[in-house]
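For reference, the structure discussed in these notes is given below.
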Amino acid sequence: EEAGELCQTLENAEESKRTASEMADVLYHSMVLLANKGVKMEEVLAVLRERFSQSGIEEKSSRKPKH
């Protein structure tokens with residue numbers, strides 16, 4: 001639901017304050033889910049740091065195949 005509301009603000013070119021508010025909702029609920037699964041925010045940030053340190057092609061080729 002929250003992600004849909006965020007997308008609506010972008011599709012409708014709403015003011016940035018509303019988009020930021022909806023993004024905050026998405027992040028909040030994501031953080032709750034992470035805590036529920038025992039995943040620390042530091043783990044997520046480490047993944048993001050790694051992704052930003054390499055090209056998209058390199059990142060994609062480093063993924064394990066899905067079976």
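Structure notes:
- Identified option (computed Cα extents along the principal axes in Å; candidates (i) 37, 29, 26; (ii) 56, 16, 11; (iii) 50, 24, 15): (i)
- Helical contribution to [θ] at 222 nm, DSSP H n ≥ 4, -39,500 (n - 2.57), averaged over the chain, rounded to 500: -23500 deg cm²/dmol
- Axis angle, to the nearest 10 degrees, between helix 16-37 and the longest C-alpha principal axis of the chain: 50 degrees.
- A simple spin-label model places pseudo-atoms 7 Å from Cα toward Cβ; at A20 and A35 they are separated by 2.3 nm.
- Degrees, to the nearest 10: 2-11 long Cα axis against longest axis of the chain: 70
Each reported figure results from applying straightforward, stated rules to the coordinates on display, with no laboratory input. Because the structure is a prediction, the values reported are computed rather than measured. For neighbour counting, all protein chains shown are included, and Cβ atoms are generated from backbone atoms with ideal geometry for every residue, glycine included.
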